[in-house]
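Structure record follows, encoded as structure tokens.
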Amino acid sequence: MESTFGIIAEPNRRAILSLLAFSERSVGEIEHQLRMPQPSVSKHLRVLREAGFVEARVDAQRRVYRIRAEPLMEIDAWLVPFRRFWSAHVDALERHLDRVDRVRPGKRKKR
């Protein structure tokens, strides 16, 4: 698990993963979107690929990358016991906003 967290601790890798969460992309598209030099994008993609976070396929003259869910599922499973900390706060916030809505009808926008 430590290596998984070490890999996603790097901000540029997280940015790449965020882009790939929406759709697969080529190195050039990632480079353009993140305004990173191509060698840096390729270096981060290599680390992500070797760790199993992404996979590549060849499409004519370019490599297209897509995210792999398995390593992220490991992180999600690790987070399960911690969810109770924030879900209780979110529930409390929702109850508070509902009370505010009842006290001041028409003052707040609907959620």
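The values are calculated or read from the model by the stated rules, or taken from the named source; none is laboratory data. Note that the structure is a prediction, hence the values are computed from the model and not measured. In this analysis, Cβ positions are derived from the backbone assuming ideal geometry, glycine residues included, and neighbour counts consider all displayed protein chains.
Starting from the stretch 37-57, keep only residues that are closer than 22 Å to Ala69 by Cβ, then list their pairs with residues that are surrounded by 12 or more Cβ atoms within 10 Å (Cβ to Cβ) and of a type in the set (Asp, Glu) whose Cβ atoms are within a distance under 7 Å, requiring at least 6 positions of separation or different chains.
So the pair list comes out as Val41/Glu31; Arg49/Glu55.
From Ala21, Ala56, which residue is over 15 Å from the mean Cα position of the chain (by Cα) and of a type in the set (Gly, Ala, Ser)? Lay out the reasoning, then the answer.
Details: Ala21 fails: over 15 Å from the mean Cα position of the chain (by Cα).
The conditions single out Ala56.
May I ask you to list the residues in the stretch 54-67 that are modelled with pLDDT under 95 and not aliphatic (A, V, I, L, M)?
Within the stretch 54-67, Arg57, Asp59, Gln61, Arg62, Arg63 meet the criteria.
Here is a list: Arg84, Arg68. Which entry is surrounded by 13 or more Cβ atoms within 10 Å (Cβ to Cβ) and over 17 Å from Glu31 (Cα atoms)? Don't jump to the end; show me each part of the working.
On the way: Arg84 fails: surrounded by 13 or more Cβ atoms within 10 Å (Cβ to Cβ).
Testing whether each residue is surrounded by 13 or more Cβ atoms within 10 Å (Cβ to Cβ) and over 17 Å from Glu31 (Cα atoms) leaves just Arg68.
Restricting to the stretch 54-80, name every residue that is over 13 Å from Ile7 (Cα atoms) and in a strand (DSSP E or B).
Glu55, Ala56, Arg57, Val58, Asp59, Arg62, Arg63, Val64, Tyr65, Arg66, Ile67
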